[in-house]
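Rule-based calculations on the coordinates, nothing more; no lab input. Keep in mind it's a predicted model, so treat the numbers as computed, not measured. Glycine gets a Cβ as well: all are built from the backbone with ideal geometry, and neighbour counts include every protein chain shown.
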Amino acid sequence: MDPIIILLVVVAGAMFWMSSRQRKTQREAMDFIQTLQPGTRVTTASGYIGTVVEVSADQVTLESVPGEGRTTWLKAAIRSQVTEPDATEEPDDASSDAASVAAAGEDDIAIPDYVSKLIDKPDVDDTKK
């Protein structure tokens, strides 16, 4: 069999597979937008996070602060639902380190003496004066 035909079949298969995945993603996004309900926390394509207050045929009213700060957006601008972090999740290392440093008193923190040697200082040439 000719290698060019095999290559064309592989490329056509890859294009079909990628386009079907894209169609599936678009269909899921449209289903999400069509089923928006008041009270759902969403994020827009520009990064605005708010709670859905009202839904009309092609617009959604969001508020960032409960009771104030209402803005109207096109449904097409809604990107995804905001997932709240689970309260039972373990904190990541950075936040647990920050919490342990904040809980420690000043006497508990040890700073090594050689820290000043780690900082690069520019060379000063006194002979050019």
Subset tally (residues that are of a type outside the set (A, V, I, L, M, F, W, C), in a loop (DSSP other than H, G, I, E, B) and under 19 Å from SER64 (Cβ atoms)) for segment 1-52: 7
Selection from segment 26-50 of residues that are farther than 22 Å from GLU63 by Cβ, loosely packed, with under 10 Cβ neighbours inside 10 Å and within 20 Å of the chain's Cα centre (by Cα): none
